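The values are calculated or read from the model by the stated rules, or taken from the named source; none is laboratory data. Keep in mind that this is a model prediction, so the values were computed, not measured. Every residue, glycine among them, receives a Cβ derived from its backbone with ideal geometry; neighbour counts consider all protein chains shown.
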Amino acid sequence: MAKEMIAMLLAGGQGSRLYALTEKLAKPAVPFGGKYRIIDFPLSNCVNSGIDTVGILTQYQPLELNEYIGNGQPWDLDRLYGGVHVLPPYQKAHGSDWYKGTANAIYQNISFIERYDPKYVIILSGDQICKQDYSDFLEFHKAKNAEFSVAVMEVPWEEASRLGLMVVDENDKITEFQEKPKNPKSNLASMGIYIFNWDILKKYLEEDEADPESDNDFGKNIIPNLLRDNRQMYAYHFGGYWKDVGTISSLWEANMEVLDPEHSGINLFDEGWKIYSRNAGMTGHKISAGAVVENAMITDGCRVKGTVKHSILFAGVKVEAGAVVEDAVIMGGTTIKAGAVVKHCIVAENVTICENAVVGAMPTGDEKGVAIIASGVTIGENVVVGPNAMVNNNVEGGEVQ
Amino acid sequence: MIKSSTNVIGIIFPNSYDALVPELVSVRLMASIPFASRYRIIDFILSSMTHSGIDNISVIVNQNYHSLMDHLGSGREWDLVRKNGGLHIFPPFAEKKVDGPYVGRAGALANLLNFLKAQKEKYVVMSDTNVVVNCDFNAMLQAHADNKADITIAYNEQELPKELLDYQTSDRVFYYTFDVEQGRIRKVYINPKTDGVQNTSMNIFVMERELLIDLVSNAYMQGRSFFMRDIIMPQLGKLNVQAYKYTGYVARISGMKSYFEENMKLLDDYNLDALFAGAPIYTKIRGDNPTHYKDGAKVQNAMMADGCVIEGEVENSVIFRGVKVGKGAKIKNCILMQDTVVEAGANVEYLITDKNVTITAGKEMKGTDTFPVYIEKFKTV
């Protein structure tokens with residue numbers, strides 16, 4: 001039985017710009033928004049859009065991601081035929097290869113895709129926060145009789161030269177692709193979300209693989225090759241919330257935007273488009289007498305006795321009496337002890353910040369650094385961690401800049 | 001050591017003591033009463049069983065069980081979707097020969113004698129759901145084996161809740177206390193009206209499956225329905241009925257007042273930690289987002305579930321999933337169940353709202369600690 005469209009989710013990126021957060025964790029597994037991980041967004045989008053078959057291409061620190069995805073049940077992706085599958089590179093009769101590039105990752109899984117005999121394949125990216133109805137995108141693709149469509153966002157012109165841009169005609173047909181150009185001819189940035197007709201995609205993947213000079217990358221190789229051959233290529237305008245969370249500051253920003261759904265456009269309270277996640281299975285959270293909680297998102301298992309302002313606490317975070325958390329993203333299982341002050345930073349999972357330590361600082365002038373503490377680290381009593389610091393190891397005393 | 005994962009079946013009676021909380025069970029049964037901000041009472045006994053390795057569990061429902069079926073689903077949340085065993089829900093008339101909705105525990109069991117005979121496990125653990133515990137049944141099973149008991153019944157030492165003492169004795173609600181001599185139950189008191197700490201039955205039973213089948217078959221033929229009164233009590237001399245003293249945290253729901261108090265007790269970290277000290281308690285996942293405290297929120301001493309939006313003041317309260325508290329609203333000493341909406345400026349104290357209740361803007365409603373006001377499901381005030 002053929003599937004109309006299946007999704008292939010590129011989750012292999014090392015996420016090296018997230019530094020401390022991705023040292024032991026694939027980027028799509030990075031926690032986000034209080035009880036989610038980045039990958040919950042594309043997976044939930046798939047299910048909400050009626051896509052029930054998703055391949056996740058991963059090769060970097062897959063352990064936690066594998067465990068998180070499991071059989072796909074939290075996303076309703078435990079299906080008899082289809083469902084979610086994690087696809088690492090594997091040994092074949094003629095040797096094995098790491099995924100050389102995004103296109104190669106799909107190439108190595110052609111046989112997976114063919115099991116479902118799809119008409120269309122949507123390529124998704126595992127490092128974006130976005131609520132998008134892919135079925136609308138597919139309707140567009142069909143209506144245009146396209147062979148390839150890419151979702152694009154209008155961006156401010158001054159940012160355009162940092163991005164991959166689609167130049168289109170009046171019918172949104174793509175005429176040119178510019179990768180980080182000095183002189184942008186368009187302000188339509190590629191979101192890295194593509195719909196291909198499967199026969200076309202397969203043909204170009206095979207061609208690309210045969211070319212030893214190729215980087216095996218969608219942006220660098222596949223899309224330029226499609227253009228060269230004058231394929232039917234269209235740009236689909238997406239107007240909703242979309243954020244690449246590939247850097248510490250953008251990840252922090254996106255989390256803060258969750259606290260302001262009225263203005264930012266990222267509303268997690270949308271009953272019509274739920275984002276699903278694997279549940280931590282903890283008790284309700286507890287705000288004690290004497291605690292101060294202002295504009296914060298707090299979830300199961302948290303115990304708050306101190307002050308939490310404009311922050312997000314993930315499952316099981318403890319904020320002791322007299323501790324202050326402000327403008328901060330505190331991931332699951334972390335404890336902030338009495339008198340500690342934690343501001344304008346990201347603290348990863350299972351961190352202990354000891355009594356009277358200071359982590360991060362509110363921005364002053366040009367100083368807008370977001371401090372980051374890696375998972376499992378202990379920050380000792382009275383330690384001061386500066387606003388630009390990146391802490392990977394335990395700190396017993398003194399200052400870290 | 002008994003390996004319970006292969007050798008014990010669990011049986012749960014979700015309707016027992018429904019009569020004590022008539023308001024709360026008008027749309028459900030005891031087992032599915034919301035508790036502790038994100039659970040249903042049955043979650044505790046089910047999770048305790050699964051954590052003890054019991055993965056063949058039967059729930060014998062009597063009436064009003066739609067909410068429970070909805071909650072349990074396939075049993076996936078408790079890891080009870082299994083090829084062998086798993087979760088079974090037995091509605092009335094589950095087996096052909098029974099002539100109506102059952103009365104009493106023995107009556108309920110008579111409903112599934114054929115099922116019981118077909119199982120392979122050696123032991124049975126049976127429980128009601130009105131006693132909230134997070135317990136390891138392996139300890140009790142071990143004690144049962146060590147004592148060479150025929151039947152072991154768990155009890156805790158506590159004062160009888162006032163509601164039980166005040167309850168007009170009926171022929172449908174029975175609670176029990178024990179005289180225990182060197183671990184053996186010598187005498188069972190039905191509906192005693194005695195003050196002070198006593199050995200109060202938790203109605204958790206361990207015995208061999210074969211014995212249960214024998215006892216129930218005989219009782220059924222003689223038209224006797226109540227397991228403790230009609231089967232155990234007459235045979236205390238003949239059977240070795242052991243008492244198992246449970247020392248963990250116990251929340252006993254005996255009426256609206258104790259329901260209110262047992263929820264409120266969990267606002268004390270000591271009690272909360274005691275109840276949740278063991279393995280995690282599983283429940284049906286709703287997939288709510290985290291709770292959002294907006295500007296203007298002021299929260300003191302509250303237990304909160306996910307999915308809430310709080311813009312007003314909340315004090316000494318237990319708040320379930322998806323509750324909305326509007327700007328300037330004041331909530332004090334309340335239990336607000338799922339999806340309750342308290343609109344802006346409303347002021348409520350000592351209130352128990354059932355699911356989907358709306359308190360409209362500016363309303364003022366106050367109960368007292370001895371008599372909290374209860375508002376039924378879907379009502380708008």
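Annotations for the structure displayed:
- Cross-chain or 6+ apart pairs with Cβ under 8 Å, segment B:355-381 first and closer than 16 Å to B:Gly345 by Cα and not assigned by TED's automatic domain parsing to the domain that holds B:Gly326, then in a loop (DSSP other than H, G, I, E, B) and of a type in the set (S, T, N, Q): B:Thr380/B:Thr360; B:Val381/B:Thr360
- If the condition is being under 20 Å from A:Lys274 (Cα atoms), in a helix (DSSP H, G or I) and small (Gly, Ala, Ser), then segment A:126-149 contributes only A:Ser135.
- Residue check, A:Ser264 touching a Gly at 6+ places or on another chain (Cβ under 8 Å) and free of Cβ contacts under 8 Å to residues at least 60 places away in the same chain: no
- Test set (1) under 18 Å from B:Phe35 (Cα atoms); (2) more than 11 Å from chain A (Cβ to nearest Cβ); (3) among the aliphatic types (A, V, I, L, M) - B:Ala243 fails condition number: (1)
- Matching residues in segment A:96-125 - criterion: being more than 24 Å from A:Tyr81 (Cβ to Cβ) and among the polar types (S, T, N, Q): A:Ser96, A:Thr102, A:Asn104, A:Ser125
- Tally of residues being closer than 29 Å to B:Arg184 by Cα, among the hydroxyl-bearing types (Ser, Thr, Tyr) and touching a helix residue (DSSP H, G or I) at 6+ places or on another chain (Cβ under 7 Å) across segment B:226-285: 3
- Candidate set: segment B:197-228, residues that are in contact with a strand residue (DSSP E or B) (Cβ under 6 Å, 6 or more places away or on another chain) and without any contact (Cβ under 8 Å) to a residue 60 or more places away in the chain; chosen: the one nearest to B:Thr152 (Cα to Cα): B:Ser201
- The number of residues in segment B:289-344 that are more than 24 Å from A:Asn255 (Cα to Cα) and in contact with a Pro (Cβ under 7 Å, 6 or more places away or on another chain) comes to 3.
- Residues in segment A:281-314 that are crowded, with 24+ Cβ neighbours inside 10 Å and assigned to a loop (DSSP other than H, G, I, E, B): 8 in all.
For (1) modelled with pLDDT of 95 or more; (2) under 23 Å from B:Ser67 (Cα atoms), each residue gets a yes or a no:
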position: B:Arg286; (1), (2): no, yes
position: B:Met303; (1), (2): yes, no
position: B:Cys308; (1), (2): yes, yes
position: B:Ser317; (1), (2): yes, no
position: B:Ile335; (1), (2): yes, yes
position: B:Met365; (1), (2): no, no
position: B:Asp369; (1), (2): no, no
position: B:Pro372; (1), (2): no, no
position: B:Val381; (1), (2): no, no
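- Among the candidates A:Val155, A:Val167, A:Val150, residue that is over 18 Å from A:Phe218 (Cβ atoms) and among the hydrophobic types (A, V, I, L, M, F, W, C): A:Val155
- Among all residues of segment A:319-328, there is at least one that is more than 8 Å from chain B (Cβ to nearest Cβ), on the phi > 0 side of the Ramachandran plot, in contact (Cβ under 8 Å) with a residue 60 or more places away in the chain and assigned to a loop (DSSP other than H, G, I, E, B).
- Inspection of segment B:100-118 finds no residue satisfying the criterion of being in contact with a Gly (Cβ under 7 Å, 6 or more places away or on another chain) and in the same structural domain as B:Ser48 (by TED's automatic domain parsing).
- Any hit, segment A:10-20, residues being over 15 Å from A:Leu251 (Cα atoms), over 11 Å from the mean Cα position of the chain (by Cα) and at pLDDT below 90: yes
The rows are residues; the columns are (1) within 14 Å of another protein chain (Cβ to nearest Cβ); (2) out of contact with any strand residue (DSSP E or B) (no Cβ under 8 Å at 6 or more places or on another chain); (3) assigned to a helix (DSSP H, G or I); (4) in contact (Cβ under 8 Å) with a residue 24 or more places away in the chain.
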position	(1), (2), (3), (4)
A:Gly192	no, no, no, yes
A:Asp208	no, yes, yes, yes
A:Asn216	no, yes, no, yes
A:Leu226	no, no, yes, yes
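- Every residue from segment A:127-174 that is hydroxyl-bearing (Ser, Thr, Tyr) and without any contact (Cβ under 8 Å) to a residue 40 or more places away in the chain: A:Ser161
- Within segment B:142-190, strands (runs of 3 or more DSSP E) holding 2 or more residues that are in contact with a Leu (Cβ under 9 Å, 6 or more places away or on another chain): B:151-159, B:184-190
- Taking the conditions (1) touching a residue at least 40 places away in the same chain (Cβ under 8 Å); (2) in contact with a helix residue (DSSP H, G or I) (Cβ under 7 Å, 6 or more places away or on another chain); (3) away from every other protein chain (no Cβ under 12 Å) in turn, A:Met331 satisfies each one other than (2).
- Filter result (within 14 Å of chain A (Cβ to nearest Cβ), assigned to a helix (DSSP H, G or I) and under 27 Å from B:Asp166 (Cα atoms)) within segment B:246-273: B:Asn263, B:Met264, B:Lys265, B:Asn271
- Top-ranked residue of segment B:41-74 - restricted to ones that are surrounded by 21 or more Cβ atoms within 10 Å (Cβ to Cβ) and of a type in the set (Gly, Ala, Ser), ranked as nearest to B:Val124 (Cα to Cα): B:Ser58
- Test: residue in segment B:57-75 that is closer than 24 Å to B:Met304 by Cβ, away from every other protein chain (no Cβ under 12 Å), within 16 Å of the chain's Cα centre (by Cα) and part of a loop (DSSP other than H, G, I, E, B): no
- Number of positions in segment B:307-359 that are surrounded by fewer than 19 Cβ atoms within 10 Å (Cβ to Cβ) and hydrophobic (A, V, I, L, M, F, W, C): 2
- Taken together, B:Thr177, B:Thr200, B:Thr152, B:Thr194 contain a single residue that is more than 30 Å from B:Asn56 (Cα to Cα) and not small (Gly, Ala, Ser), which is B:Thr194.
- Elements of type helices (runs of 4 or more DSSP H) in segment A:1-110, at least 2 residues being within 14 Å of chain B (Cβ to nearest Cβ), surrounded by fewer than 16 Cβ atoms within 10 Å (Cβ to Cβ) and free of Cβ contacts under 8 Å to residues at least 60 places away in the same chain: none
- Within segment A:251-280, tally of residues that are surrounded by fewer than 20 Cβ atoms within 10 Å (Cβ to Cβ), over 18 Å from A:Asp76 (Cα atoms) and either within 7 Å of another protein chain (Cβ to nearest Cβ) or hydrophobic (A, V, I, L, M, F, W, C) (or both): 2
- Residue match in segment B:10-33 (condition: more than 30 Å from B:Asn333 (Cα to Cα) and over 14 Å from the mean Cα position of the chain (by Cα)): yes
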